[in-house]
Amino acid sequence: MKWRGRRESGNVEDRRGMSGGGMAIGGGVVGLIIYLLYNFLGGSGEPPVMPDVAGGGGTTQQDPQRAAREEDLSKFVKVVLADTEDMWSQLYAKQGQQYPNPTLVLYWDRVESACGFGSAASGPFYCPGDQKLYIDLSFYDEMQTQLGASGDFAMAYVVAHEVGHHIQNLNGTADKLQEMRGRVSEAEFNKYSVKMELQADFLAGVWAHYAQKQNLLEAGDIDEALNAANAIGDDRLQKRSSGTVVPDAFTHGTSAQRMYWFKKGYQTGDISQETLFLIPL
C-alpha cells in the first residue's frame with residue numbers, strides 16, 4: 001500500500017507508555033497463542049477475558065529495533081485510519097450525513113475501555129461504548145509468525161474491519177443484534193453474531209474498493225488481505241487449535257465466507273449490500 005508521506009489521522013490515543021499492570025503474558029506460550037488465534041479480530045463489544053496464563057508478568061519494555069519497527073507500523077495504521085475517515089466521510093456526505101470519526105487507541109499488553117479490560121491476547125477490538133478501536137501493534141508480529149498472514153495490507157484489513165464495527169454501531173446494526181439477545185436461542189444469536197463479523201469484512205472490502213480507485217493499492221495488496229481472511233476463518237483456526245471443526249462454536253465465519261465477503265465489498269464498493277440480515281450463511 002502506498003502510505004509513506006501521506007496524511008496520518010489525528011484521532012489517535014497513544015497509551016503505549018502506560019503500564020497495563022500485572023498482565024501475565026510471559027508464560028504458557030502455547031495456550032496463549034491458541035487463545036490469540038481463536039479470538040483473532042475480536043468483534044465489537046466487550047473483549048473476551050484473557051485466560052489465566054501462568055508465568056512471569058508482561059512488560060512494556062522493547063528492544064530498540066523492535067521499537068523502531070513498531071513506530072513505523074504506528075504511522076502506517078494512522079494513515080490507514082485517515083483513509084477510512086476520508087472514504088466514510090464522503091459516503092456519509094452523499095447521504096446528507098456527517099461521519100463521526102472513531103478514535104484509535106494504541107497500547108501495550110493491557111488496556112481499559114468503556115467495554116472493560118482488553119489485552120494483547122484478545123486481539124484488536126472495537127468498543128461501541130466509547131467509539132474507539134484498540135490495537136496492540138505486537139499483534140502484527142503474531143499475524144506473520146503464527147498465522148502466515150504477512151504484508152502491510154493484512155494489517156490494513158484488520159484496521160478496516162474494526163472500523164466496519166464502528167459503522168455498524170453508527171447505523172444501528174449493533175443495537176439490533178443486542179436486542180436479539182435473550183429473545184432468540186443462543187445458537188440463533190450466535191448465527192447473527194457471525195453475520196455481523198462477516199458484514200465487517202464486507203465493509204473492510206468496500207474501503208479497499210475506494211482505496212483502489214484512488215490508486216493507493218499496490219500489486220499483491222488484495223491477495224494479502226484475502227490471505228489474512230483465509231487464515232482467520234473459524235474452521236481453519238479450530239482445526240489448527242484442536243484438530244476438529246465445531247460450526248456451532250463459530251464466532252467470525254469460515255475462511256471461505258470471510259474471503260467471499262471481503263472480496264464482494266472490494267469488487268462492488270456498494271454499501272447498499274451491507275445489510276446484516278441479507279448475509280447468507
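The values are calculated or read from the model by the stated rules, or taken from the named source; none is laboratory data. Quick caveat: nothing in here was measured; it's all calculated off a predicted structure. For neighbour counting, all protein chains shown are included, and Cβ atoms are generated from backbone atoms with ideal geometry for every residue, glycine included.
Checked against the criterion of being in contact with a helix residue (DSSP H, G or I) (Cβ under 7 Å, 6 or more places away or on another chain) and polar (S, T, N, Q), the candidates 98, 178 yield just one match: 98.
For the range 73-93, does any single residue satisfy the condition of being more than 23 Å from residue 208 (Cα to Cα), surrounded by fewer than 17 Cβ atoms within 10 Å (Cβ to Cβ) and not β-branched (Val, Ile, Thr)? Even if it seems obvious, please write down each step before you answer.
Initial filter on the range 73-93 (more than 23 Å from residue 208 (Cα to Cα)): none.
Looking through the range 73-93, none of the residues is more than 23 Å from residue 208 (Cα to Cα), surrounded by fewer than 17 Cβ atoms within 10 Å (Cβ to Cβ) and not β-branched (Val, Ile, Thr).
When the range 135-189 is filtered for residues that are among the hydroxyl-bearing types (Ser, Thr, Tyr) and touching a residue at least 40 places away in the same chain (Cβ under 8 Å), the ones remaining, listed by number, are 138, 140, 150, 157, 173. When 197, 179, 162 are checked against the criterion of being among the acidic types (Asp, Glu) and over 18 Å from the mean Cα position of the chain (by Cα), a single residue qualifies: 179. A single member of 170, 137 is crowded, with 16+ Cβ neighbours inside 10 Å, hydrophobic (A, V, I, L, M, F, W, C) and touching a Lys or Arg at 6+ places or on another chain (Cβ under 9 Å), and it is 137. Just one residue in the set 202, 277 is crowded, with 20+ Cβ neighbours inside 10 Å, farther than 21 Å from residue 122 by Cβ and either at pLDDT 85 or above or of a type outside the set (S, T, N, Q) (or both); that residue is 202.
Regarding residue 248, is this residue modelled with pLDDT under 90 and surrounded by 14 or more Cβ atoms within 10 Å (Cβ to Cβ)? No.
The set of residues from the range 125-141 being out of contact with any helix residue (DSSP H, G or I) (no Cβ under 6 Å at 6 or more places or on another chain) and charged (D, E, K, R) comprises 130, 132, 141.
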